[in-house]
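The structure appears right after this line, and notes come after that.
The values are calculated or read from the model by the stated rules, or taken from the named source; none is laboratory data. Keep in mind that what you see is a predicted model, and the values were worked out from it rather than measured. Note: ideal-geometry Cβ built from the backbone for every residue, glycine included; neighbour counts use all protein chains shown.
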């Protein structure tokens, strides 16, 4: 059974297939898309609320001919003490696949180990691989010029500013190495990447391609992409005042964008908080591709599910 828990779960030729399919799906815009999930039922089990993730997956499953079943954590017996293992075994009797958005990454791993259905990581506090694929695809569309989408990413530099120890920082450390990109992280010393993500990169067998900086201007120098994420994620509300003060020097503003390459793109996985991690001026600028990035979640996730369905036959 094939799963997608981290960006490196796909081999190089599978990543190429995902990107190629996503490009086809984007052109088709939901019209005449192959029904690769015909007569299949896929569940969305969400421990966290969502806008883009839920809607893009539900629409994607529908457009691929499948049936989507949304399950909030309070809709299932996990909320009353049933084990992850038993839940995975039961749901496997009904479903072909499950999309999980959770806090602890171990929830995904246990579903994959104990169940017999395809598991997709829609977000954990450790990694957000679907977002990384959508981001990379968004960049590649602008850089490929009719050539290979994946090859267009090689050698490009992405600067990630702010909470560099979050799931998006981790994901870019792993994904950047997979795509052959240079990743420059910029955040306070206490936000330096942890041992878990460094071990995951080492275990993947790919060459690390990241660096950590406390000076944001050093990180964005020669950057082709400037990226940031919210400073206060779900579950961190008690730390809000402290985090906003600590991360203030890492706001993406016009000065930061001017220090990157002249044609640098700005990306944000959304939702954004203007005036905190990024200014409204940057969000509205010609460098910003945040809404193409959000749309591409739909196309790339359809492609991921299509490849997983094919490999699980």
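For every residue, the table says whether it meets (1) in the same structural domain as residue 195 (by TED's automatic domain parsing); (2) at pLDDT below 95.
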| position | (1), (2) |
| --- | --- |
| 64 | no, no |
| 73 | no, yes |
| 79 | no, yes |
| 87 | no, no |
| 91 | no, no |
| 96 | no, no |
| 118 | no, no |
| 147 | yes, yes |
| 155 | yes, no |
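Every condition in (1) surrounded by fewer than 16 Cβ atoms within 10 Å (Cβ to Cβ); (2) in contact with a strand residue (DSSP E or B) (Cβ under 8 Å, 6 or more places away or on another chain); (3) over 22 Å from residue 295 (Cβ atoms) is met by residue 39 except one, and the failing one is (2).
Quick one: is residue 159 within 24 Å of residue 220 (Cβ to Cβ), touching a residue at least 60 places away in the same chain (Cβ under 8 Å) and assigned to a helix (DSSP H, G or I)?
Details: within 24 Å of residue 220 (Cβ to Cβ): yes; touching a residue at least 60 places away in the same chain (Cβ under 8 Å): yes; assigned to a helix (DSSP H, G or I): no.
Answer is no for this residue.
For residue 287, the conditions (1) touching a strand residue (DSSP E or B) at 6+ places or on another chain (Cβ under 6 Å); (2) on the phi > 0 side of the Ramachandran plot all hold with the exception of (2).
Within region 237-249, can one find any residue that is more than 17 Å from residue 162 (Cα to Cα) and free of Cβ contacts under 8 Å to residues at least 60 places away in the same chain? For region 237-249, residues more than 17 Å from residue 162 (Cα to Cα) and free of Cβ contacts under 8 Å to residues at least 60 places away in the same chain: present.
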